[in-house]
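Here's the structure, in structure tokens; my notes come after.
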């Protein structure tokens, strides 16, 4: 996907992704209306924490490509928005809520084709007209995730990221739950942490109906991620 194509994809999904019609996107750097932004220096990393080059990252106001060290710079619209990262043909949408500082940690999640195929090898076939959701608890084991719409899952990714544990009912140390064939539109992910823990909001989520839930905007044939911090 080229920079132009990626931005075109983001532009066409403005209403669905909740970026707001007021942005009135007209190009990679130009908008009809002034938008407050925050500059963000970050790295592109896969789920194993390895740095990735040649990852294209687009926001509503521009695109950037990671260099040989996985580093890049983007401008983020202030407020709720969606960041799109494309690596090796895998497109991941990440919800962000920006107030007055860039997100921490300074990384964007990516996944290559080989890793995605490895994780989903035993799972039902993904309908390209539907979406996928990854729910993350910051690399912590012991919590369950639910989705408020009909979908396949949750499937909990093994600690080794070599697939899913088909018998698991809670996360491994990988902290990831995966839903396939999710209907297009808004959905909510609910997190159930181990007893005695409370989930805290992160910049990588949009608040849901409860403290332990997050809204996601599901798009066709892409992965949407959301994250809460339910560590002790």
- Report, to the nearest 10°, how far helix 3-12 tilts away from the longest principal axis of the Cα atoms in the chain, using its own Cα long axis and a range of 0 to 90°. 80 degrees
- Query: Just the C-alpha atoms of region 130-217: what Rg/Rh do they give, with Rh taken as the Kirkwood radius?
  - Reply: 0.94
- Counting only DSSP beta bridges with both residues in the chain, what percent are antiparallel, rounded to the nearest 5? 80 percent
- the chain pair-distance distribution - Cα-Cα, 10 Å bins, rounded %: 8, 34, 39, 16, 2, 0
- Note on the structure: Computed from the beta carbon distance with a Förster radius of 41 Å, FRET efficiency for residue 73 and residue 114 to the nearest 0.05 stands at 0.90
- Item | Extended-chain gain in nm, criterion 0.36 nm per residue less alpha-carbon gap, residue 125 and residue 97 | 6.9 nm
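Where a number appears in this text, it was derived from the coordinates with a stated rule and is not lab data. A quick note: this is a predicted structure, and the numbers were derived from the prediction, not measured. Positions of Cβ are backbone-derived with ideal geometry, glycine not excepted, and every protein chain shown enters the neighbour counts.
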